[in-house]
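Novice: Below are the structure tokens for one structure; questions will follow.
None of the figures in this text is laboratory data; all of them are computed from the coordinates on show. Just so it is clear, the model here is predicted, and its values are computed rather than measured. Positions of Cβ are backbone-derived with ideal geometry, glycine not excepted, and every protein chain shown enters the neighbour counts.
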Amino acid sequence: MIDLKVRRIPFDFEGVDFIWNKNNPEFAITMNKLSFFAIGFEKYICQAMRDAEPLITDPRVLQEARDFRAQEGLHSSAHRKHCKALIAQTPALQSALDRCIALYDELYEAEPLKYHLAYTGGLESIFTPSFKLMLDHKEHLFNGDARVASLLLWHFCEEIEHRSSGLMVYDHVYGNYWYRVSRFKGFMAHVGKVIGAITEEFGKAFPELSPELLNGNSNFKMPFVAKMKSAFGITMSQMPWHNPEHQPLPKYFDEWSGIYDSGADVTRVFGEGSTTGQPLAVAA
């Protein structure tokens, strides 16, 4: 159990470019999808945590659930600011947000709370190895507009900070490992459905963008060993003995936490236009 910090950071994205990283436009679009996705997914998480509270009997788990919900609510709000700035310039993007939220609202109505807590715990458990891969190579991925890069770095570091929360709540309330893991493919299929809907709406809003840009992940090729370590971590995160607190963490997690604790401006912590005194990222 970790004491989670609820950080309210005044992000501002006025006039931000859709392709916020000219060095890696595929990655910029992929992370834009994540911004839209985060609003629906984290709204879904917050609803599940709120509905689970009356079932939690351990005060420590209850506090974890509340802090987890607070962090996720702030993530959703920050990403909504980013998406609102993009929609202001390209109103057709509103449909991407509407479809994302609708798909999660429909899922919440269709399934019981046990399913939603299992979905939350299952997905949250894969985020540490997934985000570690990106944070370990941040110089090649986040070397664009510091405002968007900083939003993502903050979000990923807090996902790593609360890496145990989703599973902790699920295990406390239901504790059925086989129920959760047997539905993991379904959870991922739903994520794919939501991302697919967002991608489709991006294509409608920007018909000039090639399928390679819309469907790619990054023009930076991750080192093979790093990718295999991440894939192994994702696989191990679904094992019955998995303890998120023991996962390998990226070095940047402590670095970012130290920058925040120092009082520095983390709204522009890394990338083009960084104002924290940290080194700017180099071009890929």
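Novice: Could you tell me which of the pairs Lys5/Lys138; Lys33/Lys204; Lys43/Lys84; Lys114/Lys193 are separated by over 18 angstrom between their Cα atoms in the structure shown?
Specialist: Details: Lys5/Lys138 23 Å; Lys33/Lys204 14 Å; Lys43/Lys84 16 Å; Lys114/Lys193 21 Å.
Going by Cα-Cα distance, Lys5/Lys138; Lys114/Lys193 fall outside the 18 Å limit.
Novice: How large is the charge dipole for the chain, taken about the Cα centre, if only the Cβ atoms of Lys, Arg (+1) and Asp, Glu (-1) carry charge, to the nearest 20 debye?
Specialist: In debye, rounded to 20, the chain gives about 360.
Novice: What is the fewest-to-most order of Thr128, Thr275 by other Cβ atoms lying within 10 Å of their Cβ?
Specialist: Final ranking by Cβ density, sparse to dense: Thr275, Thr128.
Novice: Arranged by the count of other C-beta atoms within 10 angstrom, fewest first, what order do Val191, Val225, Val61 take?
Specialist: Listed from fewest to most nearby Cβ atoms, that is Val225, Val191, Val61.
Novice: So, in Å, what gap is there between the alpha-carbon centers of the stretch 208-242 and the stretch 53-76?
Specialist: One Cα centre to the other: 29 Å.
Novice: Mean Kyte-Doolittle of at least 0.0 and a Cα length of 30 Å or more along the axis: which whole DSSP H helices of the chain meet both?
Specialist: Helices meeting the span and hydropathy rule in the chain are 25-52, 113-135, 184-205.
Novice: For the chain, what is the relative contact order in percent, using Cα pairs closer than 8 Å and at least 6 residues apart in sequence?
Specialist: Relative contact order comes out at 31 percent.
Novice: Compare the Cα positions of Gly175, Ala189, Pro211 along the charge dipole of the stretch 78-219 (+1 at Cβ of Lys, Arg; -1 at Cβ of Asp, Glu; about the Cα centre) and return the one farthest towards the positive end.
Specialist: Working it through, the farthest residue towards the positive pole turns out to be Gly175.
Novice: Which value, in debye to the nearest 20, gives the size of the charge dipole of the stretch 52-128 about its Cα centre, when Lys and Arg are +1 and Asp and Glu are -1 at the Cβ?
Specialist: 340
Novice: Order these by the 10 Å Cβ neighbour count, fewest first: Val266, Val16.
Specialist: Arranged by neighbour count, lowest to highest, Val266, Val16 become Val16, Val266.
Novice: Here is a further query. For the chain, set up a GNM with springs between Cα atoms under 10 Å and report which of Arg147, Arg66, Arg50 has the largest fluctuation.
Specialist: Residue with maximal mean-square fluctuation among Arg147, Arg66, Arg50: Arg50.
Novice: Additional query: Over what distance in Å are the Cα centres of the stretch 114-143 and the stretch 10-46 separated?
Specialist: 15
Novice: For the stretch 144-284, compute the orientation-averaged projected area of the C-alpha convex hull (one quarter of its surface), in nm².
Specialist: That works out to 11.2 nm², a quarter of the Cα hull's surface.
Novice: Same structure, new question: The list (1) 1.01; (2) 0.97; (3) 1.38 gives values of Cα Rg over 2.2 N^0.38 Å, and only one came from this structure; which label was calculated from it?
Specialist: Recomputing Cα Rg over 2.2 N^0.38 Å here picks out (2).
Novice: Looking at the stretch 72-219, I'd like the Rg to Rh ratio, where Rg is from alpha-carbon atoms and Rh is Kirkwood's inverse mean 1/r.
Specialist: Numbers: Rg = 16.7 Å, Rh = 17.1 Å.
Ratio value, two decimals: 0.98.
Novice: Ok, one more. Select from Ala110, Ala264, Ala65 the residue whose mean-square fluctuation is largest in a Gaussian network model of the chain (Cα-Cα springs shorter than 10 Å).
Specialist: Ala110
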